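Participant: What follows is a single structure, and I will ask about it in a moment.
The values are calculated or read from the model by the stated rules, or taken from the named source; none is laboratory data. These numbers come from a predicted model, not from an experiment. Neighbour counts run over all protein chains shown; Cβ positions are idealised from the backbone, glycine included. When the accessible area is computed, the model is the full protein with side chains, heavy atoms only, and any ligands, DNA or RNA have been set aside. Shrake-Rupley method; radii C 1.70, N 1.55, O 1.52, S 1.80 Å.
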Amino acid sequence: MNELQYQIDLLRAMNQKLTEKEKMHAMALQATEGVFLYYSFEKDRVETIGDWTEYFSFRIHEMKDLSKIMDYIDEAYQITLFDALFPEKHNIDSGAAECKLKNKLCWVGVRTLVSYDQSGQPVEKIIYLKNITKVKTQSEELAYMAYYDSLTGLYNRNYFVRLLSEFVNRAAETNSIVSVMTMDIDEFRKVNDGMGIIIGDELVQQVGLFLKSICGDDIIACHLHSDVFCMAVYDPVGNKSIDGIYKEIQKRLRDPFHISSGQSIKITLSIGVAEYPEAAATTLELINCSEIVVYKCKKLGKNMLQYFQAPMLDDFLNSIELENKLKKAVENKDFFMCYQPQYYSGNKRLRGVEALIRWKDDSSQFISPNVFIPVAEKNGSIIPIGQWVIEESIKQYSIWRSQFGFPFIMSINISALQYKKDDFADSIVEVLNRYHVKPSEIELEITEGVLIDDFEEVSKKLKVLRDYGIRIALDDFGTGFSSLSYLKQLPIDSLKIDKSFIDTVLSDSATRVITESIVNMVRTLGFESIAEGVEEENQYNYLHSVGCDVIQGYLFGKPLLPVEMEDVLENSLS
Ligand code: C2E
Ligand code: MG
Ligand code: MG
């Protein structure tokens with residue numbers, strides 16, 4: 001009885017142990033997230049563990065069923081999978097493969113282990129299948145991100161640089177040329193600011209798509225950043241010549257890009273080309289040089305292709321140095337103002353003064369506003385500089401106005417960027433109020449460039465200022481698009497004829513005809529004409545004789561420091 005009881009207890013314990021083991025196996029199976037196939041060569045017995053139907057719609061009962069797997073596998077992976085499933089065919093004890101199932105939605109990883117007996121015959125084998133789609137797509141995405149730009153589908157900068165250096169190495173061996181073209185969409189900010197970044201992005205995407213269509217074996221392109229693309233051409237001759245590619249680009253740009261939200265956008269490109277080995281010997285230098293040329297194209301008027309030339313690098317480095325110096329000067333307020341007198345041509349009485357900014361850099365060198373104002377306009381520091389000029393000149397005027405007791409006009413140069421600020425009119429009015437200065441004693445000088453951008457908008461803003469009583473002068477007339485026809489639509493008080501006209505007015509009859517028609521037109525419209533840069537008595541006599549109202553120039557007075565200007569004001573009293 002005891003013996004029997006003992007046997008029963010033993011069986012129970014073994015049973016319990018078995019179910020525990022089964023449970024453990026089931027858990028292990030769950031944790032591996034895979035399915036297994038066990039095969040005994042000796043017994044020719046197949047056993048599957050886990051749900052094979054997750055992958056295949058057939059069951060495996062005998063080993064030959066296994067070959068049905070091949071019908072489910074993408075052809076490109078069939079050979080490697082076959083080798084992985086049957087490693088014993090090569091007399092090795094394991095195989096592994098990753099393959100795509102034909103429905104393309106699923107990737108499986110396969111591992112096989114074979115055990116052999118002492119004579120080298122296979123005894124058992126186990127095949128393990130696992131769904132690795134998630135890992136695979138993640139790594140595909142990662143690989144895509146490593147090579148491509150997600151917005152345009154073009155190569156990204158890193159991968160482009162790698163391919164470009166392969167071009168350069170190849171060119172070094174074969175004595176060939178590699179051209180690098182950096183392209184920047186002109187006025188892209190207007191699209192981004194005016195229409196929104198979603199439209200800006202779509203435009204960049206479409207330009208990228210177009211550039212992709214030009215690419216080929218020896219032509220690659222990438223999206224560098226923002227609205228900037230870079231293309232590289234190995235051995236740019238024949239149908240891969242830069243000239244040919246540029247013609248193709250120009251042809252495409254004749255038509256607008258159609259945005260999905262309905263807008264049509266026409267663009268131009270500024271393109272800089274730098275060539276290996278002439279411009280630079282390394283990949284990054286080549287890209288840099290072509291970027292510098294783009295910067296030059298922008299300065300020369302955009303919509304063009306230019307090649308890199310060595311002096312451009314010096315110009316560029318100088319402008320960078322200037323930009324850095326300017327930033328410091330703005331922080332330290334290293335500026336001061338000079339004032340140049342203006343006289344009525346008839347009675348030679350003082351009409352007013354033009355406020356002109358001066359900058360002496362660290363090495364006590366004067367830098368002309370003609371040089372630093374464009375840089376300040378480019379990097380935005382014209383806003384604080386311009387505000388300082390307004391504050392300083394109006395303060396100075398209020399001091400002189402009370403010191404000398406008579407009104408004159410304080411004329412202040414204003415940049416396009418300042419006008420564009422929404423609070424521009426309010427900020428001027430605030431300063432006038434603070435210094436108790438009458439608006440009619442202040443004149444703002446704008447250049448034609450301000451109008452080219454947005455005639456309607458600027459005219460509206462000028463009208464607000466004029467309604468307030470502030471005077472407006474159109475500066476440098478004759479250097480921009482100078483159409484007399486738009487003058488009547490402009491809310492201005494004075495027109496300043498540029499010095500370049502005055503310089504040749506006596507020697508060139510065509511200039512005389514133009515000058516006289518400007519003066520007449522201005523009189524008809526009821527404005528005042530001011531001649532700039534009058535240096536000679538003869539010029540003054542002529543201008544006076546044709547009816548020019550005001551004279552400004554070295555002949556009557558250079559720009560002066562405030563203390564020097566005080567003498568002029570003192571004399572004007574008498
Ligand atoms: P602008 O407004 O046309 O100023 C007239 C320029 O001609 C001044 O040069 C003046 O010194 C110069 N000038 C006047 N009469 C004669 C003359 O008889 N002969 C010669 N050779 N030159 C004469 P400046 O002061 O060098 O200023 C150059 C330009 O820089 C200005 O041209 C103006 O566009 C800009 N600028 C100057 N100050 C400011 C400022 O405070 N703000 C802004 N936004 N621009 C300024
Ligand atoms: Mg001026
Ligand atoms: Mg001028």
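Participant: So if I take the alpha carbon set of segment 322-469, get Rg, then get Rh from the Kirkwood formula, what is the Rg over Rh ratio?
Facilitator: Values: Rg = 15.9 Å, Rh = 16.4 Å.
Dividing the radius of gyration by the Kirkwood radius yields 0.97.
Participant: Contact order normalised by length for the chain, with contacts defined as Cα pairs under 8 Å and 6 or more residues apart; what percent is it?
Facilitator: Computed over the chain, the figure is 8 percent.
Participant: Based on C-alpha coordinates, I'd like the Rg and Dmax of the chain, in Å.
Facilitator: Calculated on Cα positions, Rg and Dmax stand at 39.8, 145 Å.
Participant: What percentages, rounded to whole numbers, describe P(r) for segment 33-137 computed over all alpha carbon pairs with 5 Å bin width beginning at zero?
Facilitator: Result returned by the calculation: 2, 13, 23, 27, 19, 10, 4, 2, 0.
Participant: What number comes out for accessible area per residue over the chain if the probe is 1.4 Å? Units Å², please.
Facilitator: 53 Å²
Participant: Relative to the longest principal Cα axis of the chain, at what angle does helix 283-300 sit, 0 to 90 degrees, rounded to 10?
Facilitator: 30 degrees
Participant: Once each part is reduced to its C-alpha centroid, what is the distance from segment 365-412 to segment 197-221 in angstrom?
Facilitator: Cα centroid of segment 365-412 versus Cα centroid of segment 197-221: 45 Å apart.
Participant: Which residues' amide hydrogens lie under 5 Å from the amide hydrogen of residue 148, considering only partners 5 or more residues apart or on another chain, with H built in the peptide plane?
Facilitator: Here the answer is 156, since their amide H atoms fall under 5 Å of that of residue 148.
Participant: While we're looking at this one, here's another question. Enter the Cα centre distance for the pair segment 58-102 and segment 490-514, rounded to the nearest angstrom.
Facilitator: 88 Å
Participant: Take peptides 398-406, 371-379 and line them up by average Cβ neighbours within 10 Å, highest first, as a rough protection proxy.
Facilitator: Top of the packing list down: 371-379, 398-406.
Participant: Further question on the same structure: Taking the Cα atoms of segment 148-308 alone, what are Rg (to one decimal) and Dmax (as a whole number) in Å?
Facilitator: 15.2, 50
Participant: While we're looking at this one, here's another question. Out of 97, 297, 419, whose Cα points farthest toward the positive end of the dipole of the chain (charges: +1 Lys, Arg; -1 Asp, Glu; placed on Cβ)?
Facilitator: About the Cα centre, the residue reaching furthest to the positive side is 419.
Participant: Return the long-range amide H neighbours of residue 123 (sequence gap of 5 or more, or a different chain), with a cut-off of under 5 Å between placed amide H atoms.
Facilitator: 115, 116, 117
Participant: Starting with the highest mean, order 9-16, 304-311 by the number of other Cβ atoms within 10 Å, averaged over the residues of each peptide. If you can, show how the numbers build up before the last one.
Facilitator: Details: 9-16: 10.0, 304-311: 15.6.
Peptide ranking by packing, descending: 304-311, 9-16.
Participant: Another question, then. Across segment 58-69, in residue order, what do the Karplus-derived ³J(HN,Hα) couplings come to in whole Hz, using 6.51 cos²θ - 1.76 cosθ + 1.60 with θ = phi - 60° and x for Gly and Pro?
Facilitator: 10, 9, 9, 9, 9, 4, 5, 4, 4, 5, 4, 3
Participant: Specify, per residue and in Å³, the volume enclosed by the convex hull of the alpha carbon atoms belonging to segment 325-573.
Facilitator: Roughly 129 Å³ of hull volume per residue.
Participant: Something else now. Normalised by the number of residues in segment 343-420, what is the relative contact order in percent for Cα pairs under 8 Å and 6+ residues apart?
Facilitator: 40 percent
Participant: Suppose we keep just the DSSP beta bridges with both residues in the chain; what percent of those would be antiparallel, to 5?
Facilitator: Roughly 70 percent of the beta bridges in the chain run antiparallel, per DSSP.
Participant: Further question on the same structure: If you take every DSSP beta bridge fully contained in segment 325-573, what fraction is antiparallel? Give it as a percent rounded to 5.
Facilitator: 40 percent
Participant: For a quick check: with amide H placed at 1.01 Å from N, whose amide H comes under 5 Å from residue 305's, ignoring anything fewer than 5 positions away on the same chain?
Facilitator: 271
Participant: Give the peptides 147-157, 59-69, 491-501 in descending order of average Cβ contacts within 10 Å, highest first.
Facilitator: Numbers: 147-157: 17.6, 59-69: 13.8, 491-501: 20.0.
So the order, starting with the most tightly packed, is 491-501, 147-157, 59-69.
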